[in-house]
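Would you mind keeping the following structure in view while I ask a few things?
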Amino acid sequence: MSTPKDEYTLVIVKPDGIKKSLTGNILTKLAEARLIIIGAKVLHVSKSLAEDHYRHLKDKPFFNDLIEYIQGKPYGEEYQRVMALVYRGPDAIRRVRALAGSTNPEEADPVSIRGSYGRITTKGVFENVIHASSDAKDAEREIKLWFKPEEIVGDLFPVKKVKREAGEETVWS
Ligand code: IDP
Ligand code: MG
């Protein structure tokens, strides 16, 4: 019997998940996938990051609302953040997508994350609580977009060194 090759996948707890205080519930549910976390951080999502992340949807009628949603614009300032995670392990992409559930939270398996916690807003936005990469190519693009090499524990993709102009760096005082 062959062992499945390790895969990598990007998970984002979207601002509605942050606002509803679901980070713990989501990580607990994702633990069922028996994967390991190799990167995790909380961050504000800039417009350009949002547009790059969702560039495959730029012609959709809901694109502008989606960009505002992933930035947390409809919520208070303290919820304008996401938690981004990279999971590694066998069959990671399919396992995480299965636990996440279908894109439309009303059609998602009721026991999945999106089925349990998602909703469709009156504006028609699918507030579905998490993002999960959909295939290996997307996962690589998305991980490289959201994480720097040094933010990942262990080797993931090939890296290179680039020279930087000497400048300022903020350090703890
Ligand atoms: P996915 O998140 O399941 O991979 P995508 O098609 O990549 O689904 O869409 C990205 C996100 O855009 C979804 O998670 C959801 O928040 C939003 N979205 C997708 N399709 C629709 C739609 O038909 N109406 C409203 N929002 C949508
Ligand atoms: Mg997608």
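List the trypsin sites (Lys or Arg not before Pro) within the range 51-118 that fall in a DSSP loop (any state other than H, G, I, E or B) and whose Cβ has at most 12 other Cβ atoms within 10 Å.
Loop-located and lightly packed - Lys58.
Select from the range 67-173 those chymotrypsin sites (Phe, Trp or Tyr not before Pro) which occupy a DSSP coil region and have at most 10 other Cβ atoms within 10 Å, ordered by residue number. Let's see the in-between values first.
On the way: sites: Tyr69, Tyr75, Tyr79, Tyr87, Tyr117, Phe126, Trp146, Phe147, Trp172; in loops: Tyr75, Phe147, Trp172.
Sparse-neighbourhood loop chymotrypsin sites (Phe, Trp or Tyr not before Pro): Trp172.
Hey, another quick one. Quote to one decimal, in nm, the extra length available between Glu106 and Arg34 on full extension: 0.36 nm per residue of separation minus the C-alpha distance between them.
Extending this stretch completely gives an extra 23.3 nm.
Using a 1.4 Å probe, what is the accessible area per residue for the range 30-169, in Å²?
So the range 30-169 comes to 63 Å² accessible per residue, rounded to a whole number.
Given an 8 Å cut-off on Cα distances and at least 6 residues of separation, report the relative contact order of the chain as a percent.
It rounds to 32 percent for the chain.
Here is a follow-up. In the range 1-67, what percent of the accessible surface is made up of carbon and sulfur (1.4 Å probe, ligands and nucleic acids excluded)?
Within the range 1-67, the accessible surface is 53 percent carbon and sulfur.
Tell me, what is the FRET efficiency for Lys160 and Ala136 to the nearest 0.05, using R0 = 25 angstrom and their Cβ-Cβ distance as r? Kindly include the intermediate steps, with their values, before the conclusion.
Values: r = 22 Å, r/R0 = 0.86.
For R0 = 25 Å, the calculated efficiency reads 0.70.
If you don't mind, there's one more thing I want to ask. Any idea what the dipole of the chain comes to, in debye rounded to 20, about its Cα centre with Lys/Arg Cβ at +1 and Asp/Glu Cβ at -1?
Value, rounded to 20: 160 debye.
State the extension gain, in nm to one decimal, for the chain segment bounded by Glu150 and Lys60, taking 0.36 nm per residue of separation less the distance between their alpha-carbons.
Additional length available on full extension: 28.9 nm.
The values are calculated or read from the model by the stated rules, or taken from the named source; none is laboratory data. Remember, predicted model here, so these are calculated numbers, not experimental data. Virtual Cβ from ideal backbone geometry, glycine too; neighbours counted across all protein chains shown. Areas reflect the complete protein model, heavy atoms only, side chains present, ligands, DNA and RNA absent. Shrake-Rupley method; radii C 1.70, N 1.55, O 1.52, S 1.80 Å.
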